[in-house]
Amino acid sequence: MPQSSIIVVGNEILRGFTVDTNSNWLASRLFQCGYQVRVITTVGDVDEDIVGAIHDHVARAELSRIFVCGGLGPTPDDRTYVALARALDQPLVYRREVGAQMQNLMFIRNMAASRGTAGLNAGNRRMAMLPEGATLVRNGAGMAPGLAFDLEQDRYLFALPGVPHELRAVYEDIEVRYLTGSRGDAVRELHYRLAPESMFHDVMRDLEREYPDVSLGSYPQTETRELILRASGPDSERVDAVIKAIRDRIRQYSPVG
């Protein structure tokens with residue numbers, strides 16, 4: 001199964017000012033289309049940390065799709081384009097088509113009229129200075145373009161904006177173009193009411209040995225006092241067998257629904 005990873009960039013995440021909803025959304029979509037997330041790394045707006053995280057993820061050959069999220073904006077704390085250029089040893093070049101798209105957006109959004117000019121300021125031009133080897137991924141919702149880098153051997157690295165609606169817009173294009181040829185795991189769940197999690201330890205341990213290709217986890221929901229057992233794997237029959245085994249071996253409690 002191909003695997004993916006996420007690098008989240010932003011001081012606002014590390015300092016608790018912003019909740020990282022992007023990773024949750026992105027991991028769910030990647031799991032559904034068969035590129036399960038193996039690792040998520042969060043770094044601040046520090047060049048060395050961003051470059052280091054990119055190097056670490058690229059060095060892991062099992063990660064076939066790597067997503068760098070955030071830090072693509074026009075201000076000095078947006079460092080991802082520069083860090084990507086350093087990490088991938090590529091020069092930064094001005095992309096005229098990106099500048100032209102920004103000017104079009106200024107007219108569409110009436111920004112040119114309010115500013116009195118359609119000319120690009122320093123911040124705008126900064127977003128058009130991109131690593132030379134990048135393929136543009138259109139950001140229909142904003143100005144900062146998404147990027148795709150071919151790492152060879154069917155491996156790709158992507159840069160996505162941190163603004164959630166922009167990230168999702170860019171991702172939709174990436175999914176169609178770069179995330180084909182795989183399929184998501186089968187997922188099955190059992191829901192128990194007022195069942196202690198510890199009661200399932202022995203059965204889950206045994207099933208992990210009997211079905212090493214099936215991921216099995218328990219997830220207590222404290223607010224509803226419900227316990228969810230979730231099994232997933234590439235073979236739906238094997239996943240179903242695990243669910244059946246739990247039902248058969250745990251007789252003290254019955255799943256609801």
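Taken across the stretch 170-177, residues that are surrounded by 14 or more Cβ atoms within 10 Å (Cβ to Cβ) and within 13 Å of GLY73 (Cα to Cα) do not occur at all.
Screening SER23 on (1) within 30 Å of GLY233 (Cβ to Cβ); (2) out of contact with any Cys (no Cβ under 8 Å at 6 or more places or on another chain); (3) not β-branched (Val, Ile, Thr) shows it passes everything except condition (2). The number of residues in the stretch 114-140 that are surrounded by 15 or more Cβ atoms within 10 Å (Cβ to Cβ), over 28 Å from HIS55 (Cβ atoms) and in contact (Cβ under 8 Å) with a residue 24 or more places away in the chain comes to 1.
Quick check: is even one residue across the stretch 151-164 more than 27 Å from PRO2 (Cβ to Cβ), touching a residue at least 60 places away in the same chain (Cβ under 8 Å) and touching a strand residue (DSSP E or B) at 6+ places or on another chain (Cβ under 7 Å)? No - not one qualifying residue is present in the stretch 151-164.
Would you mention how many residues in the stretch 215-238 are surrounded by 15 or more Cβ atoms within 10 Å (Cβ to Cβ) and over 18 Å from HIS201 (Cα atoms)? Please lay out each step first, then the result.
Taking the stretch 215-238 first, the residues surrounded by 15 or more Cβ atoms within 10 Å (Cβ to Cβ) are 215-216, 218, 226-234, 238.
Next, from what is left, pick out any that are over 18 Å from HIS201 (Cα atoms): 233-234, 238.
Final tally of qualifying residues: 3.
Applying a threshold of 6 Å to beta carbon distances and a minimum spacing of six or more residues, or different chains, the list of pairs starting in the stretch 166-179 at a residue that is closer than 16 Å to MET143 by Cβ and ending at one that is in a helix (DSSP H, G or I) reads LEU167/ASN22. For the stretch 65-92, filtering for residues that are acidic (Asp, Glu) and either surrounded by 24 or more Cβ atoms within 10 Å (Cβ to Cβ) or touching a residue at least 24 places away in the same chain (Cβ under 8 Å) (or both) leaves 2.
Within the stretch 48-61, identify whether any single residue is on the phi > 0 side of the Ramachandran plot, free of Cβ contacts under 8 Å to residues at least 24 places away in the same chain and out of contact with any Phe, Trp or Tyr (no Cβ under 8 Å at 6 or more places or on another chain), and answer yes or no. Even if it seems obvious, please write down each step before you answer.
As a first pass, look at the stretch 48-61 and keep what is on the phi > 0 side of the Ramachandran plot: none.
Looking through the stretch 48-61, none of the residues is on the phi > 0 side of the Ramachandran plot, free of Cβ contacts under 8 Å to residues at least 24 places away in the same chain and out of contact with any Phe, Trp or Tyr (no Cβ under 8 Å at 6 or more places or on another chain).
Residues checked against (1) assigned by TED's automatic domain parsing to the domain that holds GLU12; (2) on the phi < 0 side of the Ramachandran plot; (3) of a type in the set (Val, Ile, Thr):
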position	(1), (2), (3)
ASP154	yes, no, no
LEU157	yes, yes, no
ALA169	yes, yes, no
ARG193	no, yes, no
VAL203	no, yes, yes
GLU210	no, yes, no
ASP213	no, yes, no
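The values are calculated or read from the model by the stated rules, or taken from the named source; none is laboratory data. These numbers were taken from a predicted model, which means no experiment stands behind them. Glycine also receives a Cβ, built like all others from the backbone with ideal geometry; neighbour counts cover every protein chain displayed.
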